Each structure stands twice: as C-alpha cells, then as structure tokens.
1. Which lysines, if any, have their Cα less than 21 Å from the Cα of residue 77, not counting same-chain residues under 8 positions apart?
2. About the Cα centre of the range 1-109, how large is the charge dipole given +1 on each Lys and Arg Cβ and -1 on each Asp and Glu Cβ? Please answer in debye to the nearest 20.
3. Is the shape of the range 88-129 rounded, prolate or oblate, going by the alpha carbon gyration tensor and its root eigenvalues a ≥ b ≥ c, with a/c under 1.5 for rounded and a/b larger than b/c for prolate?
4. According to the square roots a ≥ b ≥ c of the eigenvalues of the Cα gyration tensor, what is the shape class of the range 53-135, taking rounded for a/c under 1.5, prolate for a/b larger than b/c otherwise, and oblate for the remainder?
5. Within the chain, what's the longest stretch lacking GluC sites (Glu not before Pro) that sit in DSSP loops with no more than 16 other Cβ atoms inside 10 Å?
6. Rounded if a/c is under 1.5, else prolate if a/b beats b/c, else oblate: with a ≥ b ≥ c from the C-alpha gyration tensor eigenvalues square-rooted, which is the chain?
7. Rounded to the nearest 5, what % of DSSP beta bridges with both residues in the chain are antiparallel?
8. Taking 8 Å as the Cα distance limit and 6 or more residues as the minimum spacing, I'd like the relative contact order of the chain as a percentage.
Amino acid sequence: MLRESFSIPHISSGDLLRAAVEAGSELGDQAKGYMDKGQLVPSELVIGMIRERVAENDCTGGYLLDGFPRTVEQAEKLESMVGANGHAVDHVVALEVEEDKVVERLSGRRSCPECGRLYHVSFQPPRSDGICDDCGAELMIRDDDREETIRKRLEVYRRQTAPLLDFYEKAAILRIVDGDAAPAEVAEQVLAAVREEDD
Ligand code: AMP
C-alpha cells in the first residue's frame, strides 16, 4: 500500500535474503543458517546487499526499506550510505504489536511463492485451502515462522533492534504506529503519520 501511495520501490531485506537463499548464491549460502535459527545475518552481508539494491535506477526518487536497519550499526551505515548521495532518511515507522499477537500472526502466515501475496489461515484465508487466489500457486510457510523460531526472533528484536527506537527518537524522525488493527487501517495510520511530518 505504501509503495503504491508513494510510487517508490519496497525493499525488504528479508525478501532479498530469501531470494538469495533460493538462488543458491554465495550470500544465500552464508545467510541461510542464521535465518533458520531466527538470528540476524551478519551486518556486513546485509549492508552490502542493501547498498547494491539502493544504487539501482528505480531508487533515485526514494524508497521504502522494510526490515533494515535492524541494529544501531546498520542504522549508522545507512546514514552514511544515504548521506553520500545528498539524501537523508525522512521517516522511520515502528509498528507496535503485542508479542503474543506477533506469534499468532506469524505462525498463521502463508505466502505465495509466485506473486508474493500474503495470507493468514484465520484472519485472511485464501478462498481455497493452501492455494493463492490470484495465481493458483501452492502457498508456503516460511521456515522461520515456527513458534519456537518466532520467539527467538522476538528475543533478538528486543536485544538488538529495539535500541533503534532511541536512536531514531533522538533524530526526531521516529513515527510510532499501532500495528494492532486491520492492514488497511494500519496503512492509513502510517500514511497519516508520514504526511503530517511532511506538511
Ligand atoms: P524478515 O523477513 O524481515 O522477518 O527477515 C527474516 C530473517 O532475515 C531475519 O530473521 C534475519 O535472519 C534476516 N534478516 C532480515 N533483515 C535483516 C537485517 N537487516 N539484518 C540482519 N538480518 C536480517
């Protein structure tokens, strides 16, 4: 929804890493073990990958990063990456959701390997069990969306990613949005938070 509203590319570090794993590239091979355990992939790998992606032509008018940065070190690298092109990080959106709800959402998440559409077994089920409404492909479950791994990812979030809230609060670009609502409503709130600051 944000990608369409702003006509900018949506760059998800997790999607890029999963594509690298799928392609069997060197980066994918190095990243896979960490991802399966719910740990962060070493920053130097992720930063290099993002640096390459944002240098592509479709990023000249801005872009939306999703899942990056995940540590203060990555945030500092992002600052210099963006600054080198005479730009700045305009907004940082933190979506707040209670941990039990995160577990409920992720453990029921299903995705289409062909078109990327997301579903949830209870909240947004496909018309036909396990099949994508749009392209008919068989839906898949992410390897790291098992409860035990989700709990590990949340622990990693608390320890390594939550300090970013302070980092961006100090930079006065942090927008906190309640993520515990229907997707369209959350998107509206994010748009409102970002636009308010632009005015
Ligand atoms: P996500 O799709 O954003 O939930 O990311 C899935 C997994 O990819 C994470 O649990 C990490 O193992 C890895 N990953 C994604 N983004 C990053 C990042 N910025 N830094 C380190 N690891 C990442």
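1. 170
2. Taking the Cα centre of the range 1-109 as origin, the dipole is about 120 debye.
3. oblate
4. Taking the square roots of the gyration eigenvalues as a ≥ b ≥ c, the range 53-135 is oblate.
5. The longest such stretch corresponds to 115-199.
6. It comes out rounded by the Cα gyration axes.
7. Of those bridges, close to 45 percent are antiparallel.
8. Result for the chain is 24 percent.
Laboratory data are not the source of any read-out in this text; all were calculated from the coordinates shown. Small disclaimer: the values here were computed from a predicted structure and weren't measured. Note that we place each Cβ from the backbone using ideal geometry, even for glycine, and neighbour counts take in every protein chain shown.
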